[in-house]
């Protein structure tokens, strides 16, 4: 059994980017929809993979997001990552864990003209090494 989980979701709505200034109700609706999509897709991925996440994955879960955009243009990696907050909340809910366990790696931004999407890969964090003792 593979200990990685791949969750493929649509790109975040523009209302969820940090620089967007939508009406609060429009943003709330976008958050609810995107979180629901991520939760639903994550539940399916968990079922397909046959994973038992909560006790088996330790304290920290590594998260890496790869954004596949339709066109090649300059984008802000931090804003792309921040726009995933609702999706990560939905994935955490599907896993039955608190999202404070997520250790988020920098996002990767790529181009796929035929299938824009976000691929979120989750796996157990490696056990931290013993701290170095100083004299």
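The values are calculated or read from the model by the stated rules, or taken from the named source; none is laboratory data. Only a predicted model underlies this, so the values are computations on that prediction, with no experimental measurement involved. A quick note on method: Cβ atoms are made from the backbone with ideal geometry, for glycine too, and the neighbour counts reach across all protein chains shown.
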Selection over the range 9-41 where residues are outside any helix (DSSP H, G or I) and under 14 Å from residue 87 (Cα atoms) yields a count of 6
Test: residue in the range 22-31 that is in contact with a helix residue (DSSP H, G or I) (Cβ under 7 Å, 6 or more places away or on another chain), surrounded by fewer than 14 Cβ atoms within 10 Å (Cβ to Cβ) and modelled with pLDDT of 95 or more: yes
Subset of the range 50-79, residues surrounded by 15 or more Cβ atoms within 10 Å (Cβ to Cβ) and farther than 17 Å from residue 118 by Cα, comes to 51, 53, 57, 60, 61
Counting only residues in the range 97-131 that are touching a helix residue (DSSP H, G or I) at 6+ places or on another chain (Cβ under 8 Å) and in a strand (DSSP E or B), the one surrounded by the most Cβ atoms within 10 Å (Cβ to Cβ) is identified as 122
Counting only residues that are at negative phi and touching a strand residue (DSSP E or B) at 6+ places or on another chain (Cβ under 6 Å), the range 52-68 contains a total of 10
Among helices (runs of 4 or more DSSP H) entirely inside the range 42-96, those with 1 or more residues being over 16 Å from residue 17 (Cα atoms) and under 13 Å from the mean Cα position of the chain (by Cα) are 85-95
